[in-house]
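Participant: First the structure, which I've put down as structure tokens, then a few questions once you've had a look.
What follows is calculated from the coordinates using simple rules that are stated; it is not laboratory data. Remember, predicted model here, so these are calculated numbers, not experimental data. Here the Cβ is made from the backbone with ideal geometry for all residues, glycine too, and neighbour counts use every protein chain on show.
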Amino acid sequence: MRKLMMIFGVLAVCMAMVGGAGATLIVDTGSSGQFYYYLGSSQWLAGQFTTTQAYNIGAMQGDIWTAWQQGEVDISICTDSSNAPGTPLFIKAFQSQAVGFEGWQGTTGIAGFLPAGTYWIAFTVPSSSSFEGGMGSNNTPPPSPLLSYAYNINQGPWYTIGPPSYLVEARIEGSAVPIPGAAVLLGSGLLGLAGLRRKFKA
């Protein structure tokens, strides 16, 4: 009986590890209350961040002002290419709030898997979208600024810029991906339980 209780204890720990933590904000700059920089099809904005572990990325949001026209905005997570946004790893689109809205808006649901590393969150507006708005602050940093910032004019190259230009204020939600060893432990526990059950039946 004691062995059986020990195995169930191991299984409980393993299941907790494999299940991983619930969704949490892995990036949260907070808001400066400003919407200083133009965001539209002719100018895109991005900010750099780092994760120390792997995550399944969920909701992605920006603190955005829908100023003149509402429409589609795309949010992507890009690789880091010489301290500028590189290849998009995944892109999700959302329809902005109505004209005059100021606040957090963005995508929902699972976006993709992101290993530990340095990345960029980019806010882009396709040429087919009429969206025109603003985000980011000048001289007044948000509570938790991103590592660096970049802008893109007319879908050309990205140009990196730093303080006092805080181009992007963002939130990224993610669920931590459990370590591979947890799955091994779970398998070992199940095998041990199966062996013990065979012993009791013999």
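Participant: For Ile91, Ile77, Ile153, what ranking results if the residue with the fewest other Cβ atoms within 10 Å of its Cβ goes first? Write out the running numbers ahead of the final one.
Facilitator: On the way: Ile91 16, Ile77 21, Ile153 11.
Arranged by neighbour count, lowest to highest, Ile91, Ile77, Ile153 become Ile153, Ile91, Ile77.
Participant: At 0.36 nm per residue, minus the direct Cα-Cα distance, what do Ile161 and Phe101 gain on full extension? Give it in nm, one decimal, please.
Facilitator: 18.9 nm
Participant: Within the range 35-116, list the chymotrypsin sites (Phe, Trp or Tyr not before Pro) lying in a DSSP loop whose Cβ has at most 16 other Cβ atoms in a 10 Å radius.
Facilitator: Numbers: sites: Phe35, Tyr36, Tyr37, Tyr38, Trp44, Phe49, Tyr55, Trp65, Trp68, Phe90, Phe94, Phe101, Trp104, Phe113; in loops: Phe35, Tyr36, Phe101.
Of the chymotrypsin sites (Phe, Trp or Tyr not before Pro), the ones in loops of the range 35-116 whose Cβ has at most 16 other Cβ atoms within 10 Å are Tyr36, Phe101.
Participant: Right, here's the next one. Using a Förster distance of 30 Å, how high is the FRET efficiency between Ser128 and Phe90, based on the Cβ-Cβ distance and rounded to 0.05? Please report the intermediate quantities before stating the final value.
Facilitator: Values: r = 20 Å, r/R0 = 0.66.
For Ser128 and Phe90, the calculated efficiency is 0.90.
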